[in-house]
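Remarks on the structure that follows.
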Amino acid sequence: MPNIRCHHRIRSGGSVDGFTLIELIIAIVVAAILMMLALPSFRELTISSNITQTTNGLLGEINLAKSEALRRGSLVAVISNSGTNDWSSGWYVETDGDFKGDGTFQGPSPPATSKDVVLRTDPGVTTTTNNDYKVTTAISTGACPTDATTPAAGMIIFNGQGTLTCKVTAFDINVCRPDSNPARSKRITIVTSGMTTSKTDTTGSPAPGC
């Protein structure tokens with residue numbers, strides 16, 4: 001049988017080839033540099049994803065309120081938890097099950113005596129230190145003697161025709177990034193007809209700026 005021999009390249013001194021300590025340190029430094037270069041891109045991807053997710057959530061709840069108002073033939077609203085134009089802490093969709101027709105709703109936990117129904121809730125955005133996403137709104141109004149509701153920036157009310165109540169000419173929502181960059185934040189606009197649009201860039205929005 002032929003003899004089979006295994007050959008190992010041995011360095012002077014008898015050591016087998018491998019990583020030296022200097023080579024290992026260089027590899028670690030290079031890896032660290034690559035991670036540092038990738039970190040801003042990853043953070044930007046996370047922020048953009050959160051802004052898009054919040055915007056899509058709001059659009060979904062606005063469309064739900066509009067379609068339910070049409071289906072029920074009564075008022076349905078998207079209401080901020082704060083009751084103000086700062087929607088950051090969340091919002092909910094509620095029906096006017098009592099058919100008051102005046103834009104008063106029983107809140108996120110209607111009493112048993114009420115027929116108002118909360119259809120959906122949303123927890124809002126993260127507002128921890130150094131991670132300050134914001135959702136702010138502004139309402140534009142006009143005269144309409146037949147409208148019994150009182151317009152407010154804390155609620156978007158749709159009537160039985162699927163339009164905004166007639167005192168409201170527009171409703172604007174800003175979904176703001178933690179870095180308050182208006183060019184990359186999102187803006188939602190609803191007009192009296194109920195038509196809803198969204199776009200990137202809140203510049204010029206009447207809602208509090210990003």
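So the values come out like this:
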quantity: Proxy reagent accessibility, fewest Cβ within 10 Å first, across Lys167, Lys199; calculated: Lys199, Lys167
quantity: Nearest-ten-degree value, helix 21-72 long axis tilted from longest Cα axis of the chain; calculated: 20
quantity: Cα-derived Rg to Rh of the range 21-200, Kirkwood definition; calculated: 1.17
quantity: Entries in Lys134/Lys199; Lys100/Lys186; Lys100/Lys199; Lys66/Lys100; Lys115/Lys186 that, when Cα-Cα distance is taken, lie over 24 Å; calculated: Lys100/Lys186; Lys100/Lys199; Lys115/Lys186
quantity: Calculated [θ] (222 nm, deg cm²/dmol) that DSSP helices of n ≥ 4 give over the chain, each run adding -39,500 (n - 2.57); calculated: -9500 deg cm²/dmol
quantity: The range 44-191: relative contact order in percent, alpha carbon pairs under 8 Å with at least 6 residues between; calculated: 26
quantity: Listed residues Glu94, Glu23, Glu68, most fluctuating in the chain (Gaussian network, C-alpha, under 10 Å); calculated: Glu23
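No value in this document is a laboratory result; all are computed from the given coordinates. The shown structure was predicted, so the numbers you read here are calculated from the model rather than taken from an experiment. Cβ atoms come from the backbone with ideal geometry, glycine included; neighbour counts cover every protein chain shown.
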